[in-house]
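No lab work stands behind these numbers, since they all come straight from the coordinates. Treat the numbers as computed from the prediction; the structure is a model and nothing was measured. Cβ sites come from the backbone with ideal geometry, for glycine too, and all protein chains shown count toward neighbours.
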Amino acid sequence: MDGELLRAGGVRGAVSAGPAGRGRRRSRFVRVVLAALVLALAVGLDYALYPRLAGVGGEPHPGGGNGVWMRYWWYNGDRPAEELPGVVADLRARGISQLYFNVGQVGADGRLQRGRPESARRMIAALKGSSATPIAWAIALNPGMGGQVDISDPAVRVAMVEEARWLVADCGFRGVQWDWEYARGATDELLALLHETRAALPEGAIISIATPAWRPWPTGAFGWREDDFARIAPECDQICVMCYDTAMFLPRAYVGLTRGQVLRVAPAVAAANPDCRVLIGVPTYGDPNSAPSHHAHAENLRMALKGLREGNTLLQRRHPGVPIPAAAIFANWTTEPPEWRTWDEVWVGP
């Protein structure tokens, strides 16, 4: 009897593995391939058409207080200071007042190559009487980014703080922006640097920091969380979130990420320090080969401002009273006339 059952099972197995079984497998395979092709076509169409067809929701930014990163040539004196008033007047008309002047990179010992301090003083003098707020933007690369600036070393922090004091007291900057890349969150050493900088600078000097962007799950390891921003806010007057070089390939995804900066960062900062301002850094460098992490079709000024406008509208609805973030352009020297027109039309408004 058992032998008969086994033989019967073998016959049935042979039948299922025969032409009918192979046909069912081929049918499933075809369905999977067709579904993949439809998905790929949908993604491709969205990639191509979203920037052209998607409208810009929300409202223009209602006030000024926007920022822009400025090239080192002003600090070094490679461009005459006499040109600055005209540049600043043009920026003021576009709602931009926070000017982050590149003062070079911090070395392994915490010191700057100080350039020409007399040029810096002429630059600051040319800005007197304007609405511009000149802030010294100092870049420091940590060992994880191929640099050698280890701010866990107290001696390095002491040297950096001395440089900050020199930039404010001797050169005349209104404050300092630390751009310590890549900051893996609001670490104890980063908080210590900000706290020590605050203690050393004159009262009223601006402490600014450029941070990575907030990232959603599962990409959170490549960015900051709300807790990081909340932890660092009490030590700062400004947080500039660098929402560029995000490696976002799809325009829709980049808009969503930019919108998320507003909805996640602004409430976290406001709860921790209502006096700390948030600016979201937006890109104006269009070279698609500038970095593997920058895909200009997705990551561009129009898509960034679309996300900010929509985020600001949702923020006011969900969190009344939380200040809406301003925008900061990266960078002044890469912004072309069409991008300035986009800024004027989309962000500044009529």
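Per-structure values
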item	result
Zero-based 20 Å bins, Cα pair distances in the chain, whole percents	27, 50, 12, 8, 3, 0
Full-stretch length increase - residue 82, residue 29 - with 0.36 nm per residue and alpha-carbon distance subtracted	12.1 nm
Nearest-ten-degree value, helix 117-127 long axis tilted from longest Cα axis of the chain	90 degrees
Formal net charge of residues neighbouring residue 306 (Cβ-Cβ distance under 13 Å; K, R +1; D, E -1)	+1
Residue order, fewest to most beta carbons within 10 Å, for 56, 149, 43	43, 56, 149
Farthest toward positive dipole pole in the chain [+1 Lys/Arg, -1 Asp/Glu at C-beta], among 113, 73, 216	216
Helix-only CD estimate at 222 nm, as mean residue ellipticity for the chain, using -39500 (n - 2.57) per DSSP H run (n ≥ 4)	-14500 deg cm²/dmol
Least to most buried among 79, 341, 302 (fewest other Cβ within 10 Å first)	341, 79, 302
Separation in nanometres of the label points that stand 7 Å from Cα toward Cβ, at residue 153 and residue 317	5.2 nm
Set of the range 93-132 residues, backbone N closer than 18 Å to the point 7 Å along the Cα-Cβ line of residue 166	101-124
Cβ-placed point charges (K, R +1; D, E -1), dipole of the range 61-348 about Cα centre in debye, nearest 20	760 debye
Dimensions in Å of the range 196-350 - Rg and Dmax from alpha carbons	15.5, 45
Semi-axis lengths (Å, descending) of the ellipsoid that matches the C-alpha gyration tensor of the range 19-91	59, 18, 9
Restricting the range 78-141 to trypsin sites (Lys or Arg not before Pro) in coil, as DSSP defines it, with at most 12 other Cβ within 10 Å	128
Potential extension, residue 108-residue 59 segment - 0.36 nm per residue separation minus Cα distance	13.2 nm
